[in-house]
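Structure first, commentary second.
The values are calculated or read from the model by the stated rules, or taken from the named source; none is laboratory data. Small disclaimer: the values here were computed from a predicted structure and weren't measured. Heads up, the Cβs are rebuilt from the backbone with ideal geometry, glycines too, and the neighbour counts pull from every protein chain shown. Just so you know, the surface numbers come from the protein's heavy atoms only, side chains and all, with ligands and any DNA or RNA stripped out. Shrake-Rupley method; radii C 1.70, N 1.55, O 1.52, S 1.80 Å.
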Amino acid sequence: MTVWDDVVGQPEAVGVLRRAATDPAAMTHAWLLTGPPGSGRSVAARAFAAALQCPEGGCGHCRECTTTLAGTHPDLTVVATDKVVIAIDEVRDLITTAARTPSVGRYRVIVVEDADRMVERTTNVLLKSIEEPPAHTVWVLCAPSSQDVLPTIRSRCRGVVLRVPPARDVAELLVRRDGTDPAVALQAAQAAQSHVGMARRLARDPEARRRRADVLEIARRIRGVPDAVLAAADLVEVAKAEATAATTERDAAERAELLRALGVAEGETVPPKLRSQVKQLEDDQKRRATRSQRDVLDRAMVDLLSLYRDVLVVQLGADVDLVNAEQAATVRGLARDSTPEQTVRRMDAIGQARERLAGNVAPLLAVEAMTVALRPQG
């Protein structure tokens, strides 16, 4: 076992990172790991961080490896925002951390898992630290593509590109790591389009599989504009409910912890001079809920895209496997009742909805426009 075992289907990227961790001539102090969602950017970043701390370059079982992979190593800092953007104050704190000498490890490693969520003003604050880092500091930035970060940052980092791993490799990981049934693991990996985290959730959670099936059912049940409007409302409502369920308990715990730290007993009114701190927390929680809802909707749109991709595969007679083999009957029905040109237009409508959602368009408006475009055309 080594730290690289969970970096699935990335032999070229692993080769570059492994060599850098063991050969000073191949090492640099700023890295940009890019790859599509689910390619394992954050997993690769943590594995690289562990290899940098390990005297053997990533053995996987020493204290340096295990604590780094667990995120508890004192010289590892990981930023993985669950809000829409990374705040400028967070980046200023990172720069302060980067200037410190490692306490026990070989390097101070700073991993920014969502570098694409930094606005230009925030990224500019980071620029000097990446351009002239202390000798003991390593920056590892992660983003979907190099175009998602400013050219000034991109030019100062060594790029490593990850690809979508083969579904069979993802399934093998689920079987090895989680003991998943091989058939379920492969089906989940294909449905998740090799997104490792999503495949694991689908494999372990029957409710997640049911929700995904309900999303795909939208394509079959929309017959006109009224159906489209109702389907859009259902999608947004489900996304909102999932986001609320995922954040409510955490929000309450954070609020209780803050009030305890401020010396406010349970049930007491918050003094006016402390209300700004409570409001800041509430604002952060709202931003987190907004991102959670958008992520759920975006995942639903990706699932719909996979369905219409299968429809196009059938219409064109392509000799490739279906992503959604369980929905083969629905795929064949949609393929029979439409033309390839109509399928492409539907896929374009879903892609446009994703762009609108990323551009802060009201979710219901973006989803309604998409579902109306999915209705059968004469």
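Just a few scattered comments:
- Among 343, 104, 280 the positive-end extreme of the charge dipole of the chain (Cβ point charges): 280
- Sites excluded, GluC sites (Glu not before Pro) in DSSP loops with at most 11 other C-beta within 10 Å, longest stretch of the chain: 1-265
- About its Cα centre, the dipole of the chain is roughly 360 debye, where the only charges are +1 on Lys and Arg Cβ and -1 on Asp and Glu Cβ.
- Mean residue ellipticity (222 nm) of the chain, computed from DSSP H runs ≥ 4 via -39,500 (n - 2.57), nearest 500: -19500 deg cm²/dmol
- Whole-number accessible area per residue in Å² for segment 5-93, which is evaluated in the context of all protein chains at 1.4 Å: 39 Å²
- Paired Rg and Dmax values of segment 20-168, which use every Cα atom, in angstrom: 14.5, 43
- Here the relative contact order of the chain, from alpha carbon pairs under 8 Å that lie six or more residues apart, stands at 16 percent.
- Here the accessible area of the chain is 52 percent carbon and sulfur, with a 1.4 angstrom probe and all protein chains present.
- Using alpha-carbon coordinates, inclination of helix 340-358 to the longest axis of the chain, degrees: 40 degrees
- Where labels lie 7 Å past Cα in the beta-carbon direction, separation of residue 252 and residue 290 in nm: 2.5 nm
- Taking the Cα centre of segment 45-132 as origin and assigning +1 to Lys and Arg Cβ atoms and -1 to Asp and Glu Cβ atoms, the resulting dipole is close to 200 debye.
- Per residue, the accessible area of segment 225-378 comes to 56 Å², computed with a 1.4 Å probe over protein heavy atoms only.
- Relative to the longest principal axis of the Cα atoms of the chain, the long axis of helix 182-191 makes an angle of roughly 80 degrees.
- The residues of segment 113-210 present an accessible area of 49 Å² per residue when probed at 1.4 Å with all protein chains retained.
- Label separation (residue 337 vs residue 88): 5.3 nm, computed from points 7 Å beyond Cα along the C-beta direction.
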